[in-house]
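This report concerns only the one structure given below.
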Amino acid sequence: MPLYQTQKLKVYNSLSGKKEDFEPLSEGYVGMYVCGPTVYSNVHLGNCRTFMSFDMIFRYLKHLGYKVRYVRNITDAGHLENDAEDGEDKIAKKARLEQLEPMEVVQQYTLDFHGILQKFNLLPPSIEPTATGHIIEQIEIIKNILEKGYAYEINGSVYFDVEKFNKTNEYGKLSGRKLEDMIANTRELAAQDEKKSPQDFALWKKAETQHIMRWPSPWGDGFPGWHLECTAMSTKYLGETFDIHGGGMDLKFPHHECEIAQAEACNGHAPVKYWLHANMLTLNGKKMAKSTGNNILPNEMFSGENNILSKPYTPSVVRFFMMQAHYTSILDLSDEALSASEKGFQKLMDAISSLEKLTTSSSSSFNVEEWKQKGYDAMNDDFNTPMLTANLFEAVKHINLIKEGKETITEKDKELFIETMHNFVFDILGLENQNSAMLNSDKLGNVIGLLIQLRNEARANKDFSTSDKIRDQLAEMGIQLNDGKDGTTFSLS
Ligand SMILES: [Zn+2]
């Protein structure tokens, strides 16, 4: 029997503003779409948090026994600057500034994105479609919306008619906005604006002669509007209605609101059963922004090369830090907070190694079954990872007491304990025991031993440039050499 039949999951649906019982459209299967990155620059740490949250959700759904089709797109065209209706395409702009082909920009930053996510131990999605690979599907949707009368063509561009849509459907239902208020709060249309109303958004934009990313269409050469690609790709791979649509909180409006409008105009019904939104990451209490310098790149966290952190942190420590907050809460990153997470992470990893070596007894003083259910209760409550980690530290306490002989555990309970701990820590939270994996590797220990020996020889020959180089370069890799009276030892920082 699959686990989902006994472990009843509840999710917070942004559309209803309530926690709801999770019941997929067809039993045993889950279709999940998450808005992916626009690949015109290195992936932002805040975006990493969003994708990590949905990775944890993906992992938990799979753990519960669902067959999950997880689609996360790559935006490689159509996303204009400032998420506005006018302005340069983000990728085309980067290509112009760096004198590259737009697809070179896309390739470079897609590789960066994949590399960083792999370091954070994210599982790849089932399908990772691109906007440029689905131009035909997007044109078909525009034709359909035009036929249904919810869009209009003007000067080679096609716009979605929000006011018309709002007469029959409710525009703003996801973000809790009313169209009347939006209209009251916007300025008059500029004279050169060709839209009927400022709320209307582009489905297709005419490409001016200098615009390099362009495709032929029934309305002339142009490119698709940003919101359209997600409707096209989610419909193609998950159907007209699917279970979960996720993304960052900042995408709720206008992006997701426009996705709902497009799909409802096209198909006459709502596209998504559960809308899930992950909250943002701040840095030292402030919004992260390149312009203010209050910013940090994922790779700078791993190398420690920045002014914000006192030392490097492993991807698993950063992931653990992120998992200690609920995905719908704002999380503030700071050196102190990361340092505290690092200590907690190490305690957890030490306890897991101790657990495997515990001596067993004829009775258990610790109720493993009850502890295990508490962990599931946490995850079933809208993926409450902070509650789960609190429960893991409860286990750490008992592991240490058993180790000290103050509590006991049977062989059978120990097996269940190990299995459950591994499920929660490695499979669901997606952590990796990076430090101890290195420490436990005999080969690595031997290699460092050899480097220590070479360094000692260099020092004996007064070749201090070589000996310093060995010490400094190991330090850069996070391996500290400690010279003591009994010789040199090493530790991982
Ligand atoms: Zn999207």
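The values are calculated or read from the model by the stated rules, or taken from the named source; none is laboratory data. On a predicted model such as this, the values are computed, not experimentally measured, just so you know. All Cβ positions, glycine included, derive from the backbone under ideal geometry; neighbour counts span all protein chains shown. For the accessible areas, the whole protein counts, side chains as well, though only heavy atoms, and no ligand, DNA or RNA atoms are used. Shrake-Rupley method; radii C 1.70, N 1.55, O 1.52, S 1.80 Å.
Of the numbered conditions (1) within 22 Å of residue 55 (Cα to Cα); (2) touching a residue at least 24 places away in the same chain (Cβ under 8 Å); (3) within 23 Å of the chain's Cα centre (by Cα), residue 378 fails exactly one; give the number of that condition.
The failed condition is (2).
Within the stretch 345-395, track down each residue that is buried (at least 16 other Cβ atoms within 10 Å of the Cβ) and of a type in the set (Phe, Trp, Tyr).
Hits for the stretch 345-395 are 345, 366, 371, 376, 383.
Of all the strands (runs of 3 or more DSSP E) wholly in the stretch 9-98, which have at least 1 residues that are within 16 Å of the ligand (Cβ to nearest atom) and modelled with pLDDT of 95 or more?
On the way: elements: 10-13, 18-21, 29-34, 67-72.
Qualifying strands (runs of 3 or more DSSP E): 29-34, 67-72.
Residue 179: open to solvent by less than 20 Å² (accessible area, probe 1.4 Å), at pLDDT below 95, closer than 30 Å to residue 272 by Cα and aliphatic (A, V, I, L, M), yes or no?
Numbers: open to solvent by less than 20 Å² (accessible area, probe 1.4 Å): yes; at pLDDT below 95: yes; closer than 30 Å to residue 272 by Cα: yes; aliphatic (A, V, I, L, M): yes.
Yes, satisfied.
Being in contact (Cβ under 8 Å) with a residue 40 or more places away in the chain and surrounded by fewer than 19 Cβ atoms within 10 Å (Cβ to Cβ) is the filter here, so list the residues in the stretch 332-341 that pass it. Break it down into steps so the answer makes sense when it comes.
As a first pass, look at the stretch 332-341 and keep what is in contact (Cβ under 8 Å) with a residue 40 or more places away in the chain: 332-334.
332, 334 - these are the residues of the stretch 332-341 that are in contact (Cβ under 8 Å) with a residue 40 or more places away in the chain and surrounded by fewer than 19 Cβ atoms within 10 Å (Cβ to Cβ).
Does residue 175 satisfy being within 16 Å of the ligand (Cβ to nearest atom) and in a loop (DSSP other than H, G, I, E, B)?
Values: within 16 Å of the ligand (Cβ to nearest atom): yes; in a loop (DSSP other than H, G, I, E, B): yes.
Against the criterion (within 16 Å of the ligand (Cβ to nearest atom) and in a loop (DSSP other than H, G, I, E, B)), residue 175 qualifies.
Would you be able to tell me the number of residues in the stretch 112-126 that are farther than 19 Å from residue 301 by Cβ and surrounded by fewer than 19 Cβ atoms within 10 Å (Cβ to Cβ)? Steps first, answer last, please.
Going through the stretch 112-126, the residues farther than 19 Å from residue 301 by Cβ turn out to be 123-126.
Checking the rest, the ones that are also surrounded by fewer than 19 Cβ atoms within 10 Å (Cβ to Cβ) come to 123-124, 126.
Within the stretch 112-126, residues that are farther than 19 Å from residue 301 by Cβ and surrounded by fewer than 19 Cβ atoms within 10 Å (Cβ to Cβ) number 3.
For the stretch 456-475, which positions are free of Cβ contacts under 8 Å to residues at least 24 places away in the same chain and either surrounded by fewer than 13 Cβ atoms within 10 Å (Cβ to Cβ) or polar (S, T, N, Q) (or both)? Write out each step before concluding.
First, the residues of the stretch 456-475 that are free of Cβ contacts under 8 Å to residues at least 24 places away in the same chain: 457-473, 475.
Within the stretch 456-475, 457, 460, 461, 462, 464, 465, 466, 467, 472, 473, 475 qualify.
I need the full set of residues from the stretch 221-236 which are of a type outside the set (S, T, N, Q), within 13 Å of the ligand (Cβ to nearest atom) and either part of a strand (DSSP E or B) or in contact (Cβ under 8 Å) with a residue 60 or more places away in the chain (or both), in order please.
Residues of the stretch 221-236 of a type outside the set (S, T, N, Q): 221-230, 232-233, 236.
This time we only want the ones that are within 13 Å of the ligand (Cβ to nearest atom), so: 224-230, 232-233.
Listed by number, the residues that qualify are 224, 225, 226, 228, 229, 230, 232, 233.
What is the number of the single condition among (1) open to solvent by less than 10 Å² (accessible area, probe 1.4 Å); (2) in a loop (DSSP other than H, G, I, E, B) that residue 244 does not meet?
Condition not satisfied by residue 244: (2).
Test of understanding: among 453, 480, which residue is assigned to a helix (DSSP H, G or I), free of Cβ contacts under 8 Å to residues at least 24 places away in the same chain and either in contact with a strand residue (DSSP E or B) (Cβ under 8 Å, 6 or more places away or on another chain) or open to solvent by 30 Å² or more (accessible area, probe 1.4 Å) (or both)? It would help to see each step written out before you state the result.
Values: 480 fails: assigned to a helix (DSSP H, G or I).
Every option except 453 fails the conditions.
Name the residues in the stretch 271-292 that are assigned to a loop (DSSP other than H, G, I, E, B) and open to solvent by 50 Å² or more (accessible area, probe 1.4 Å), would you?
Answer for the stretch 271-292, where residues must be assigned to a loop (DSSP other than H, G, I, E, B) and open to solvent by 50 Å² or more (accessible area, probe 1.4 Å): 280, 284, 285.
Just to be sure before I move on: is residue 70 within 17 Å of the chain's Cα centre (by Cα) and closer than 23 Å to residue 423 by Cβ in the structure I sent?
Numbers: within 17 Å of the chain's Cα centre (by Cα): yes; closer than 23 Å to residue 423 by Cβ: yes.
Against the criterion (within 17 Å of the chain's Cα centre (by Cα) and closer than 23 Å to residue 423 by Cβ), residue 70 qualifies.
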